[in-house]
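What follows is a single structure, written as structure tokens, with notes after it.
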Amino acid sequence: MNTQLIIYGAGDLAKLMSFYFHHDSAYRVAAFCVDRLPSTGEQFADRPLVTFEDIERKYSPDEFDMFVAIGYSRMRDRRLMFDRAKKKGFSLANYVSSRALFWPGLAIGENNVLMPSVHVEPFVQIGHNNLFWSDTLVAHGVTVGDHNYFGAKCLLGGNSVIEDACFLGNGAVLINGVRLRLETQVFPGTTIYRTTKPYTKYLGNPAREFGSHVDTGIMIRRG
């Protein structure tokens, strides 16, 4: 592991993750990178801001790790940006809060975030590029795929399975043994009692189907 870090992104999540890495990890953020530089200049959060196209020439993957700071507005972009960073040869950093609770033997991939007060029980497997917001409970035996986003206070029941690129809003609940299929969107406060369908939205308690996004992927707009 390198101790110098490049953050891919220059939005609210990138700024927040820079704060967490600085105050609660061994990493020090050296720079940010974006696909295109904004007209406002070549700095972000008091660090250099450079183009992703040139990043490995200025910051070698042999000397710097990377963190991909991608949120939920276009969920398919989570995979896209992760794959771009890996093709450049970077190792991708995890942020696991010192205030998160987990047990020895946790199997976890790259570019994951466990925010403060996340609780991960034993025998859990976590893939790549998942973000678990504060106060989420990941119960025993849960398997999480790649590129998923879990809002605050989610509850993932024991032995449940979350495939790839799923979005769970704040306070979503999965009962034990449920499977979320590819690109399932679970609205805030929704309770899932049975296996979902791919590319489908769910709302309510008990959850009911609320439309499909097979063509566009999950897109979340606020305001």
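The values are calculated or read from the model by the stated rules, or taken from the named source; none is laboratory data. Source: prediction; values computed, not measured. Ideal geometry is used to build each Cβ from the backbone, glycine not excepted, and the neighbour counts take in all protein chains shown.
Data for the structure
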{"read-out": "Residue list for the stretch 203-215, restricted to those being surrounded by 12 or more Cβ atoms within 10 Å (Cβ to Cβ) and closer than 21 Å to D77 by Cα", "value": "S212, H213"}
{"read-out": "Tally, over the stretch 125-151, of residues that are among the hydrophobic types (A, V, I, L, M, F, W, C), in a loop (DSSP other than H, G, I, E, B) and closer than 18 Å to I218 by Cβ", "value": "1"}
{"read-out": "Hey, Y72 surrounded by 14 or more Cβ atoms within 10 Å (Cβ to Cβ), within 17 Å of the chain's Cα centre (by Cα) and modelled with pLDDT of 95 or more or not", "value": "yes"}
{"read-out": "Residues of the stretch 1-23 satisfying the condition of being loosely packed, with under 15 Cβ neighbours inside 10 Å and part of a loop (DSSP other than H, G, I, E, B)", "value": "M1, T3, G11"}
{"read-out": "Where L37 falls short, out of the listed (1) touching a Ser or Thr at 6+ places or on another chain (Cβ under 7 Å); (2) closer than 19 Å to L131 by Cβ; (3) part of a loop (DSSP other than H, G, I, E, B)", "value": "(2)"}
{"read-out": "The stretch 1-36: number of residues that are of a type outside the set (A, V, I, L, M, F, W, C) and over 17 Å from the mean Cα position of the chain (by Cα)", "value": "11"}
{"read-out": "Any hit, the stretch 89-98, residues being without any contact (Cβ under 8 Å) to a residue 12 or more places away in the chain and not charged (D, E, K, R)", "value": "no"}
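Let's see how each residue does on (1) within 17 Å of the chain's Cα centre (by Cα); (2) more than 19 Å from V124 (Cα to Cα); (3) touching a residue at least 40 places away in the same chain (Cβ under 8 Å):
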{"residue": "D164", "(1), (2), (3)": "yes, no, yes"}
{"residue": "V173", "(1), (2), (3)": "no, no, no"}
{"residue": "R179", "(1), (2), (3)": "no, no, no"}
{"residue": "E183", "(1), (2), (3)": "yes, yes, yes"}
{"residue": "K201", "(1), (2), (3)": "no, yes, no"}
{"residue": "D215", "(1), (2), (3)": "no, yes, no"}
